[in-house]
Amino acid sequence: MTDEDLVIRTDDLTKHYGRAVGCERICLRVKRGHIFGFLGPNGAGKSTLVKMMVGLHAPTSGSAEMLGLPIGDFRARAGVGFLPENFRYQEWLTPMELLAFHGRVLGMTTADTTTASRDVLAEVGLADSEEKRLRAFSKGMQQRFGIACALLSGPELLFLDEPTSALDPLGRAEVRSLLLALRDKGTTVFLNSHLLGEVEQVCDEVAVVDHGRLVEAGALADLLAGPCVIEVDLTERAAGEVLSAAVRSVGGSVLEASDRKLVVALAGEERIPALVEALVTVHARMSRVERRKRTLESLFLEVTAEARDA
Amino acid sequence: MRRDDGLSRVLAVAALTLREASRRKIVLVAVLMSAAFLALYGLGLHYAAVQLLTGGRMGIDELLRRGAAAQMLYIGLFPASFIIALAAVFASVSTISGEVESGVAYAVLARPIRRSEVVLGKFLGLGALLVSYALVLDGAVIALAAWQIHAPVRLWPGALALMTLEPLVLLGLALLGSTRLPTLANGVLCTAAYGIGVVGGFIEQIGGLIRNDTMVQLGIVTSLLTPLDAVHRKALSLLLPGGLLFGQGTAGVGLGESATPSTWMMLYAVGYVAVAVLLATRVLRRRDL
């Protein structure tokens, strides 16, 4: 992986508030064009990290780069969109007026800002509300507007802190589709969310923090794959020793065994046909053979519990 | 196409600040209440004019008439200064702290904009508003007094310029406080600073009157902390001929050339505003939001 492939790189990024730890030696690599899920319990340090990245908090130590520039350089934020967790906007303005202000701050021309504003408002379903004052917006509409505001300049990197917290299920589905469409266009999305189901549906990579420390990181598919555990449902009772011998013959080990169920650990998925063949050979009658899947929730609970035990 | 233009960002923040004042009806209320104040003051002047302009004789009566007219002008300028000062405090105490407390600041400061540009933009926007307000309100009071009772005004452009400096001093202080203090605490700070400035002016002028150097020095030290009353007295000394006015400070007492602040004090007041804005940018730059 070359440096050009990375849009975020943090090395031992740390934030302390007096004696309290916000983030502790966080090392992250986020690849261009990926949706990166950043997970953790409440108060784990997720928002602290995002605030350091977008310049709202100064790191205590460590370093970080964003789009090739150090995060202390305000120009690094030129290609970045940000939806804060506690989103609030100048409620005495209309969406078009506020986007015009952001366009000026971004150095966009008036014509470009007007066109981009209409596009992003349409993208989040607010095309009909462009002349209403923001104070008339519901919380969900304000969150949609926040996403539109973050998208105004067509950012290369988008930080979204709990982007669907105020949305109904339909709105959440729309935002998921939007994120996938953005990824397809090459935008990198850094997604802070408590909603693990949503993260699982859209993210390519995830990292989990707890008490300010990084406890797990990697490609979502790899993390969810985990060890190869096979569940076998039996229609008839079988002799435990015979079944165990059959499992051992293909290099596996029995994790759980009951009258009607067998849970087996294998070296890899490619060993599943051999396992089935060995079980048939000993006359085991099976109704289901399935690889056990981890969910993001089970992974999350597992790694945060391990971190606490450690 | 994109430009990396700090001035453009500063002006964008200034324009947004002005628009906020307009949308939040600050301008409308200020205009209506100032119109009511000026109407009442003009009515008072109208009835005073009947006595001052038609009942006079030659000699000592002319001197008395000029003194009374100057006093009537002062009576208009004192509350005008008070109204402008309060407007400066109310308009600016929450300008940064309020946006941080509500979360409005996050989306803006995460943009490619320096925090110093935000502070400068806020100062320019609010400064333009307050300078305009001081010019209109103080200018209207002076014009009314000159027209209705022939108040003996002189050097009024310089006086008006100094009167616009008064709200800028409070704006600088409020902006600095707003970068660190919660809104209510900053409001208390700025209002108290205004009160201390007035009392300091009072002590200095009484000290000058009774020839008490300690009181004069105390007043000068107070002026260094909040040079509001000093600016006001200097403006009045430019506006009105010496010896006519019984009270030439916001404290309402004091007199004579000894109580007139120096030009150096005015330069100090300008520097005070500049340093306050610089400190505000420094404090905000170092703050975690």
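No value in this document is a laboratory result; all are computed from the given coordinates. Remember, predicted model here, so these are calculated numbers, not experimental data. No Cβ is skipped: glycine too gets one built from the backbone with ideal geometry, and neighbour counts run over all protein chains shown.
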Inset, instruction - Just grab the label-to-label distance for residue A:173 and residue A:282, each label 7 Å out from Cα along the Cβ direction, in nm (one decimal). - result: 4.7
Inset, instruction - Percent of Cα-Cα pairs per 20 Å bin, from 0 to the last occupied bin, for the protein assembly as shown, please list those. - result: 17, 35, 25, 14, 6, 3, 0
Inset, instruction - Over the alpha-carbon set of segment B:24-113, work out the extent along each principal axis and list the three values in angstrom, largest first. - result: 71, 21, 19
Inset, instruction - Whole number please: convex hull volume per residue, Cα atoms of chain A, in Å³. - result: 161
Legend entry - Residue-span extension gain [residue A:131 to residue A:237] - 0.36 nm each, minus C-alpha spacing: 31.1 nm
Inset, instruction - Quick one: net charge around residue A:56, please, counting Lys, Arg +1 and Asp, Glu -1 for every other residue with C-beta under 13 Å from its C-beta. - result: +4
Legend entry - Cα-based radius of gyration of segment A:11-68 once divided by 2.2 N^0.38 Å, which approximates compact folds: 1.11
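Give me the net charge for the shell around residue B:151: Cβ to Cβ below 15 angstrom, other residues only, Lys and Arg +1, Asp and Glu -1. Please list the in-between numbers first.
Working: positive: B:65, B:66, B:154; negative: B:62, B:138.
Its environment carries a net charge of +1.
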Legend entry - Dmax and Rg, reported as Rg then Dmax, of segment A:123-235 (C-alpha, Å): 17.6, 66
Legend entry - For segment B:197-242, alpha-carbon Rg relative to the globular expectation (2.2 N^0.38 Å, N residues): 1.10
Legend entry - Simple spin-label estimate for residue B:279 and residue A:5 in nanometres, 7 Å along Cα-Cβ: 5.3
Legend entry - Within 10 Å of each Cβ in B:96-102, the average number of Cβ atoms from other chains: 1
Legend entry - Calculated diffusion of chain B, Stokes-Einstein form, Kirkwood radius summed over Cα pairs, 37 °C and 0.692 mPa s, µm²/s: 163
Inset, instruction - Any chance you could check the Cα centroid distance between segment B:164-220 and segment B:14-52 for me, in angstrom? - result: 25
Legend entry - For segment A:1-108: Kirkwood Rh in Å [reciprocal of mean 1/r, alpha carbons]: 15.4
Inset, instruction - Pairs to check: A:51/B:25; A:31/B:122; A:132/B:122; A:139/A:293; A:51/A:139; A:15/B:122. Give those whose C-alpha atoms are more than 27 Å from each other in this structure. - result: A:51/B:25; A:31/B:122; A:139/A:293; A:15/B:122
Legend entry - Cα principal axis extents for segment B:45-159, largest first, Å: 71, 24, 17
Legend entry - Between 0 and 90°, nearest 10: helix B:6-23 axis offset from chain B longest Cα axis: 60
Inset, instruction - Give the angle, between 0 and 90 degrees and rounded to the nearest 10, that separates the Cα long axis of helix B:60-92 from the longest principal axis of the Cα atoms of chain B. - result: 10
Inset, instruction - Express the relative contact order of segment A:1-143 as a whole percentage, based on alpha carbon pairs under 8 Å and six or more residues apart in sequence. - result: 19
Inset, instruction - Could you work out the local net charge near residue A:162, counting Lys and Arg as +1, Asp and Glu as -1, over the other residues with Cβ closer than 10 Å to its Cβ? - result: -1
Inset, instruction - Note the angle between two axes, namely the Cα long axis of helix B:115-148 and the longest principal axis of the Cα atoms of chain B, as a number of degrees from 0 to 90, rounded to the nearest 10. - result: 20
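Whole number please: convex hull volume per residue of the Cα set in segment B:89-224, in Å³? It would help to have the intermediate numbers written out before the result.
Values: hull volume 18.5 nm³, N = 136.
Roughly 136 Å³ of hull volume per residue.
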Legend entry - Taking segment B:29-162 and dividing mean pair separation by its residue count, relative contact order in percent (alpha carbons under 8 Å, at least six apart): 44
